[in-house]
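A quick write-up on the structure given underneath.
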Amino acid sequence: MGLSFRRLLGRSNSHPPPSTHLKTNVKTRKLFGISLSLLIINMAAIMERADENLLPSVYKEVSEAFSAGPSDLGYLTFIRNFVRGLASPLAGVLVISYDRPTVLAMGTLCWALSTAAVGASQHFMQVAFWRAVNGVGLAIVIPSLQSFIADSYLDGVRGAGFGCLSLVGMVGGIGGGVVATVMAGHEFWGLAGWRVAFIMMATLSSLIGLLVFLFVVDPRRRVSADHDSVEYSDREELVDKSTVNSASIWLESWTAMKAILKVPTFRIIVLQGLMGSLPWTAMVFFTLWFELIGFDHNSTAALLSLFAAGCGIGALAGGLIGDRMSQIYPHWGRIICAQFSAFMGIPFSWFLLTVIPQSVSSYFTFAVTLFLMGLTISWCTTAANGPMFAEVVPAKHRTMIYAFDRAFEGSFSSFAAPIVGIIAEKIYGYDPKSVDLVSGSPREAYALSRGLFSMMAVPFGLCCLFYTLLYHFFWRDRDNARMASFKGREMT
């Protein structure tokens with residue numbers, strides 16, 4: 001924790017320092033020996049993932065309340081993800097003028113208000129509008145969270161940092177999904193349970209946003225009284241903040257955008273992400289699929305919780321394995337991990353959606369498969385994408401690179417959900433009017449499973465293939481970024 005920048009530079013890339021966090025240059029508050037800022041940031045990640053899982057967990061109730069079929073439900077996911085993708089660069093622009101806790105608080109308040117509005121909506125188009133607003137809030141929050149974590153950990157252990165963030169996020173996903181699924185079958189104070197779940201989640205999100213604003217300290221703002229030991233990322237940030245008032249914010253943003261788009265590693269990771277994000281977006285139909293098979297709310301919630309738990313544990317394990325592989329094979333260790341994880345999506349999708357009998361008697365088989373699937377397909381972000389992004393651009397551009405990644409991937413992957421619904425309805429004969437909300441609908445479950453398989457197996461394979469290009473470009477981009485940082489430090 002007390003290492004200066006000069007000592008960090010002097011260490012071998014294959015042997016990172018034992019410290020896992022960047023040097024904090026002011027005394028930050030701690031709780032049980034852990035940075036209060038990181039604790040609250042992880043709480044924000046929990047609420048963000050819980051919010052994302054709310055609507056898919058109550059698809060059946062929303063379908064009944066608004067007479068909506070799979071394509072309509074897919075449209076709700078599409079509009080949120082599409083707007084989130086388009087609005088993601090806004091996070092990179094905002095952090096030029098405001099510190100990240102302020103930006104995070106703004107985004108959290110936006111998503112909280114829109115979540116409450118969804119719960120109060122009386123018409124389908126109202127739900128669609130507020131889902132779009134929800135996308136704006138998430139567009140601000142997600143890149144800011146990722147860059148905050150990137151700045152809080154060193155290169156050799158950054159995968160563990162992203163893994164922890166993903167793990168606690170999965171806890172939120174489990175919590176949000178379980179709470180919404182269980183509450184959906186009841187009424188509270190005369191209101192449908194799914195509506196109460198949305199309002200309750202919005203209230204908790206607002207509280208977390210307030211805590212972020214009041215107590216979180218941006219790692220780039222921690223300036224040491226001993227200027228000789230200031231980290232380069234802090235120096236760089238200080239120089240930029242001193243000139244931002246005299247320069248156009250948009251000009252600064254445009255400069256950052258052009259610099260990021262010139263990096264081959266960024267373009268390749270975005271390319272694979274365009275494919276790799278499609279299956280994850282399609283998975284929002286898992287809840288509806290299990291309920292169509294005949295599972296009740298509690299059983300469905302338990303199955304999806306096992307999948308989410310597998311994803312959370314797998315994300316952390318993937319981050320740790322990626323860190324270790326990057327020490328053994330500095331040029332391609334992380335890429336190997338990502339390709340393994342993407343490839344595993346193919347056999348698991350095939351087995352889950354086409355081999356297991358679609359019956360409530362297959363509960364145990366579904367449970368084991370979902371957990372193992374989550375354990376192996378969730379490595380890409382923590383083992384490769386997140387850490388590699390942080391290594392190929394200067395620290396001041398990290399929020400922007402995560403924002404642009406979300407912009408491209410989020411806007412493209414948003415088409416997956418409505419395509420699943422269209423395939424299920426137009427090709428395999430899914431009929432919303434034939435759905436039995438009590439005992440299940442095997443015919444509709446079969447149609448939906450084939451739509452899901454179409455948007456999972458092939459994209460996973462293409463994602464694995466596109467990662468191959470990084471063997472040629474990543475180490476060059478990483479070395480170029482390090483050289484640029486070294487020259488900037490000498491000039492400073």
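The values are calculated or read from the model by the stated rules, or taken from the named source; none is laboratory data. This structure is a prediction, so every number in the text was calculated from the model and none was measured. Here Cβ is always computed from backbone atoms with ideal geometry, including for glycine, and neighbour counts include all displayed protein chains. Note: areas computed on protein heavy atoms with side chains; ligands, DNA, RNA excluded. Shrake-Rupley method; radii C 1.70, N 1.55, O 1.52, S 1.80 Å.
One table, with the values for the structure above:
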| read-out | value |
| --- | --- |
| Near pairs, Cβ below 7 angstrom, 6+ apart or cross-chain, from region 289-308 (closer than 24 Å to residue 431 by Cβ) to any residue that is of a type in the set (Lys, Arg) and part of a helix (DSSP H, G or I) | 291/60 |
| Subset of region 354-381 (residues that are open to solvent by 20 Å² or more (accessible area, probe 1.4 Å), among the polar types (S, T, N, Q) and under 16 Å from residue 461 (Cα atoms)) | 376 |
| All positions within region 115-149 that are free of Cβ contacts under 8 Å to residues at least 60 places away in the same chain and of a type in the set (S, T, N, Q) | 121, 122, 126 |
| Candidates 206, 233, filtered to the one that is part of a helix (DSSP H, G or I), of a type in the set (Ser, Thr, Tyr) and either modelled with pLDDT of 65 or more or at positive phi (or both) | 206 |
| Residue selected from region 95-115 under the condition of a type outside the set (Phe, Trp, Tyr) and open to solvent by 30 Å² or more (accessible area, probe 1.4 Å), by the criterion nearest to residue 390 (Cα to Cα) | 99 |
| Criterion (under 19 Å from residue 52 (Cβ atoms) and in a helix (DSSP H, G or I)) met by exactly one of 301, 338 | 301 |
| Some residue of region 391-401 being in a helix (DSSP H, G or I), crowded, with 18+ Cβ neighbours inside 10 Å and at pLDDT 80 or above | yes |
| Per-region count, region 128-160, residues more than 20 Å from the chain's Cα centre (by Cα), part of a helix (DSSP H, G or I) and farther than 26 Å from residue 408 by Cβ | 1 |
| Qualifying residue in region 339-346 (condition: of a type in the set (Phe, Trp, Tyr) and closer than 25 Å to residue 176 by Cα) | no |
| Qualifying positions in region 367-416 - more than 24 Å from residue 76 (Cβ to Cβ) and of a type in the set (Lys, Arg) | 396, 398 |
| Any pair with Cβ under 6 angstrom, 6 or more apart, that starts in region 459-472 at a residue that is under 16 Å from residue 283 (Cα atoms) and ends at one that is hydrophobic (A, V, I, L, M, F, W, C) | 459/275; 459/278; 460/342; 460/346 |
| Output for region 118-131, where each listed residue is among the aliphatic types (A, V, I, L, M) and crowded, with 20+ Cβ neighbours inside 10 Å | 118, 127 |
| Residue tally, condition open to solvent by less than 20 Å² (accessible area, probe 1.4 Å) and under 17 Å from residue 128 (Cβ atoms), over region 34-85 | 17 |
| Residue list for region 169-193, filter: surrounded by fewer than 18 Cβ atoms within 10 Å (Cβ to Cβ) and part of a loop (DSSP other than H, G, I, E, B) | 185, 186, 189, 190 |
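Let's see how each residue does on (1) open to solvent by less than 10 Å² (accessible area, probe 1.4 Å); (2) more than 19 Å from residue 368 (Cα to Cα):
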| position | (1), (2) |
| --- | --- |
| 277 | no, yes |
| 287 | yes, no |
| 296 | no, no |
| 306 | no, no |
| 347 | no, no |
| 352 | yes, no |
